[in-house]
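Comments concern the structure below.
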Amino acid sequence: MNSGNRLIPGLTPRMRPLSARKSATLSVLDIGTNKIVCLIAQLNPVNETEVLRGRTHLARVLGIGHQRSMGLKGGIIVDLDAAERAIRHAVDAAERMAKVELNSVIVNLTGGRLGSQRFAAHVAVRGGAVTSGDVGRVLDSASAHATRPGRAVLHALPTGFSLDGQRGLLEPGGMIGEKLGVDMHVVNADSGAVRNLMLAVERCHLDVEAVVSTPYASGLSALVDDEAEMGAVLIDLGGGTTSMGVFAGGHLVHADAFAVGGHHVTMDIARGLSTRVSAAERLKTLYGAAISSPSDEREIISVPQVDDYDQDVPNHVPKSHLVRIIRPRVEEILELARGRLREAGFAAEAGRRVILTGGGSQLTGLPELARRILVGEKGTGQVRIGRPLGIKGLPEAAKGPAFSAAVGLLVYPQMAHVEHFEPRSVGHGLRTGTDGYFSRMGRWIRDSF
């Protein structure tokens, strides 16, 4: 599948919508601070289900590559060569498993100061009844001012139409009125972060078909039934960042992220227990918890410590000591999320339903702690762990919340038709400065030799 026409500056590549009646093979890259995942999948048309609304295809994984991330910090690339090597390893593993060679991928972005803007626009209806031309004009008008210096547009999503002041219309086509309006939600990020992400992928001889914000991808993967319609907040707890997506009325209506995540918990453990970072990560995975239990004082864990001869010497501490180190940082992350949501005016959605995804969400007791902080002791909202849904062929190890974003990238092409940009604009979209040089050179070498 090829991306759409070249776009105006500040717009990331756009992909053509996936035909609801055709199968397609897609490849995606989940590029995170802790891990890089490459998935190659066959998407086959299916009838929409009540549980997973809006999906037109069922994905079956053909190949998967899973690699420890390098060269990223806080969701952005800080070492281009290291990031390229990690991407190459993940892509190579997926290609060998699927027995195919990739030319292009869909990627996600978590860092780069993800942010939301909302625009409204109105146009006069020219012929009494709303035509597709009228809809196109009002969408163009709303997105005309979406680009800002130094920021790249990831998504431009209409969230509702109005006609002569009557709001909440989904499909105004054919309706009679005089003034057509639209509300547009735009998700953007720092242009430099997007360009360097695309450059790292291009250096692996791959084209970037689309750049998708991580909370949107995770939401497409993990939300079920009418959660997106009734109102829900998805919080993706990654290694270097925590990102949030607010869904209401069936749309993504807000996105945000901040550079505190699971790796900060690991570093707290390493400092607090005077152990290696790798040992701290293992202790967090095996014994970590966000809330204490009565047995924590009795359960003793072995903590490797390095002596003067660079040998691991075990130190034994109660599990309660580990929990006391972990909990303050997790509380900080959840309180930051709560504060950001309140500032943006979406505290009510958090009070109804919260879905936790990402590798950091696997800490024991996290849903209970999140409910206390985000919903409140007296609140009636629900908090649950979100896992990737509606996909076949995933190994057991990849069925958890850490893989929600990767699977969501496979769902995104089914929703690409919702995105709006200015298709008639001339000029060029966001460039890496290489103009796809690495991708073209790689294809030339493969074709020539």
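For the stretch 198-218, filtering for residues that are open to solvent by 10 Å² or more (accessible area, probe 1.4 Å) and in a loop (DSSP other than H, G, I, E, B) leaves 3. Going by what's in this entry, would Gly173 be described as surrounded by fewer than 24 Cβ atoms within 10 Å (Cβ to Cβ), small (Gly, Ala, Ser) and part of a strand (DSSP E or B)? The answer is no for Gly173. Restricting attention to the stretch 276-305, the residues that are over 20 Å from His264 (Cα atoms) and assigned to a helix (DSSP H, G or I) add up to 3. With respect to Leu252, determine if the residue is closer than 28 Å to Val375 by Cα, touching a residue at least 40 places away in the same chain (Cβ under 8 Å) and touching a Ser or Thr at 6+ places or on another chain (Cβ under 6 Å). So Leu252 does not fit the description; no. Does Gly245 fit the bill of being closer than 24 Å to Ser69 by Cα, open to solvent by less than 50 Å² (accessible area, probe 1.4 Å), touching a residue at least 12 places away in the same chain (Cβ under 8 Å) and of a type outside the set (Val, Ile, Thr)? Against the criterion (closer than 24 Å to Ser69 by Cα, open to solvent by less than 50 Å² (accessible area, probe 1.4 Å), touching a residue at least 12 places away in the same chain (Cβ under 8 Å) and of a type outside the set (Val, Ile, Thr)), Gly245 qualifies. The single condition from (1) farther than 30 Å from Val260 by Cα; (2) touching a residue at least 40 places away in the same chain (Cβ under 8 Å) that Pro45 fails is (2). Can you confirm whether Asp236 is touching a helix residue (DSSP H, G or I) at 6+ places or on another chain (Cβ under 6 Å), open to solvent by 10 Å² or more (accessible area, probe 1.4 Å), assigned to a strand (DSSP E or B) and modelled with pLDDT of 95 or more? When the stated conditions are applied, Asp236 passes them.
Go through the stretch 343-419 and tell me which helices (runs of 4 or more DSSP H), entirely inside it, have 1 or more residues that are aliphatic (A, V, I, L, M) and modelled with pLDDT under 95.
Values: elements: 347-352, 366-370, 404-415.
Helices (runs of 4 or more DSSP H) meeting the threshold: 347-352, 404-415.
How many residues does the stretch 219-233 contain that are β-branched (Val, Ile, Thr) and open to solvent by 10 Å² or more (accessible area, probe 1.4 Å)? Can you show your working first?
First pass over the stretch 219-233, keeping only residues β-branched (Val, Ile, Thr): 224, 233.
Of the ones still in play, those that are also open to solvent by 10 Å² or more (accessible area, probe 1.4 Å) are 224.
The total comes to 1.
Only residues that are touching a residue at least 60 places away in the same chain (Cβ under 8 Å), open to solvent by 30 Å² or more (accessible area, probe 1.4 Å) and part of a loop (DSSP other than H, G, I, E, B) were counted in the stretch 64-89, giving 0. If you go through the stretch 90-112 and keep only what is surrounded by 24 or more Cβ atoms within 10 Å (Cβ to Cβ) and either out of contact with any strand residue (DSSP E or B) (no Cβ under 6 Å at 6 or more places or on another chain) or closer than 21 Å to Val407 by Cβ (or both), you end up with Ala90, Val91, Ala94, Val105, Ile106, Val107, Asn108, Leu109, Thr110, Gly111. Of the numbered conditions (1) touching a helix residue (DSSP H, G or I) at 6+ places or on another chain (Cβ under 6 Å); (2) at pLDDT 95 or above, Pro304 fails exactly one; give the number of that condition. Tallying (1) touching a helix residue (DSSP H, G or I) at 6+ places or on another chain (Cβ under 6 Å); (2) at pLDDT 95 or above, Pro304 fails exactly one: (2).
I need the full set of residues from the stretch 176-197 which are assigned to a strand (DSSP E or B) and open to solvent by less than 50 Å² (accessible area, probe 1.4 Å), in order please. Answer for the stretch 176-197, where residues must be assigned to a strand (DSSP E or B) and open to solvent by less than 50 Å² (accessible area, probe 1.4 Å): Leu180, Gly181, Val182, Asp183, Met184, His185, Val186, Val187, Asn188, Ala189, Asp190. Residues of the stretch 94-135 that are hydroxyl-bearing (Ser, Thr, Tyr), in contact with a Gly (Cβ under 9 Å, 6 or more places away or on another chain) and under 29 Å from Ala24 (Cα atoms): Thr110, Ser132. Within the stretch 306-315, not a single residue is assigned to a helix (DSSP H, G or I), touching a residue at least 12 places away in the same chain (Cβ under 8 Å) and surrounded by fewer than 19 Cβ atoms within 10 Å (Cβ to Cβ).
Residue count for the stretch 36-63, restricted to those that are open to solvent by 30 Å² or more (accessible area, probe 1.4 Å) and modelled with pLDDT of 95 or more: 3.
In the stretch 356-372, which residues are touching a strand residue (DSSP E or B) at 6+ places or on another chain (Cβ under 6 Å) and in contact (Cβ under 8 Å) with a residue 40 or more places away in the chain?
Within the stretch 356-372, Leu356, Thr357, Gly358, Gly360, Ser361, Thr364, Gly365, Ala370 qualify.
Within the stretch 331-355, residues that are under 9 Å from Val233 (Cα atoms) reach partners that are open to solvent by 60 Å² or more (accessible area, probe 1.4 Å) and aliphatic (A, V, I, L, M) with beta carbons closer than 7 Å, at six or more positions or on different chains, in the pairs Arg352/Met230. The lone criterion from (1) modelled with pLDDT under 95; (2) assigned to a strand (DSSP E or B) left unmet by Leu29 is number (1).
Just name the residue that is surrounded by the fewest Cβ atoms within 10 Å (Cβ to Cβ) out of those in the stretch 136-151 that are assigned to a helix (DSSP H, G or I) and among the hydroxyl-bearing types (Ser, Thr, Tyr).
First, pick out the residues of the stretch 136-151 that are assigned to a helix (DSSP H, G or I): 136-143.
Now restrict to residues that are among the hydroxyl-bearing types (Ser, Thr, Tyr): 141, 143.
On the way: Ser141: 18, Ser143: 24.
Within the stretch 136-151, the match that is surrounded by the fewest Cβ atoms within 10 Å (Cβ to Cβ) is Ser141.
Scoring Arg440 on the criteria (1) part of a helix (DSSP H, G or I); (2) among the basic types (Lys, Arg); (3) modelled with pLDDT of 90 or more leaves a single failure, condition (3).
The values are calculated or read from the model by the stated rules, or taken from the named source; none is laboratory data. Predicted, not measured: the structure shown is a model, and the values here were computed from it. Note that each Cβ is placed from the backbone with ideal geometry, even for glycine, and that neighbours are counted across all protein chains shown. Please note that ligands, DNA and RNA were not included when accessible areas were found on the heavy atoms of the full protein model with its side chains. Shrake-Rupley method; radii C 1.70, N 1.55, O 1.52, S 1.80 Å.
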